Amino acid sequence: MNELLAQLQMKMEAFQKDAALQAEKGNKAAGQRARCVSLEMEPLLKQFRKLSLAASKR
């Protein structure tokens, strides 16, 4: 689970950086990168939910 959390943290940092660049400076390429990272995060978040539910049932 710790490895999954580390992956999510790295993706979130990349997302925040690129989303901020798009919002502040109108950087279209950064917006594309942020959208791509958000799609990469989706399966990781689903996996986290699955692991978290399993851990709470113990």
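The values are calculated or read from the model by the stated rules, or taken from the named source; none is laboratory data. Predicted model, so just to flag it, every value in this text is computed and none were measured. Neighbour counts are summed over all protein chains in view; Cβ atoms, including those assigned to glycine, are modelled from backbone coordinates with ideal geometry. Surface areas here come from the heavy atoms of the whole protein model, side chains and all, with no ligands, DNA or RNA. Shrake-Rupley method; radii C 1.70, N 1.55, O 1.52, S 1.80 Å.
Which one of these is open to solvent by 70 Å² or more (accessible area, probe 1.4 Å), of a type outside the set (Phe, Trp, Tyr) and at pLDDT 95 or above: Leu44, Leu5?
Every option except Leu5 fails the conditions.
Select from segment 1-27 the residues that are under 27 Å from Ala54 (Cα atoms) and in contact (Cβ under 8 Å) with a residue 24 or more places away in the chain and list them in ascending order.
Met1, Leu4, Leu5, Gln7, Leu8, Lys11, Met12
Which residue pairs have Cβ atoms closer than 9 Å, lie 6 or more positions apart in sequence or on different chains, and pair a first residue in segment 29-58 that is among the aromatic types (Phe, Trp, Tyr) with a second residue that is modelled with pLDDT under 95 and not in a helix (DSSP H, G or I)?
That search, which allows pairs on different chains as well, returns Phe48/Met1.
Does Arg35 count as open to solvent by 100 Å² or more (accessible area, probe 1.4 Å) and either of a type in the set (S, T, N, Q) or assigned to a helix (DSSP H, G or I) (or both)?
Numbers: open to solvent by 100 Å² or more (accessible area, probe 1.4 Å): yes; either of a type in the set (S, T, N, Q) or assigned to a helix (DSSP H, G or I) (or both): yes.
The answer is yes for Arg35.
Checking Ala30 against (1) assigned to a helix (DSSP H, G or I); (2) loosely packed, with under 12 Cβ neighbours inside 10 Å: exactly one of these is not met. Which one?
(2)
If we keep just the residues of segment 47-58 that are surrounded by 10 or more Cβ atoms within 10 Å (Cβ to Cβ) and among the polar types (S, T, N, Q), which is nearest to Glu3 (Cα to Cα)?
Gln47
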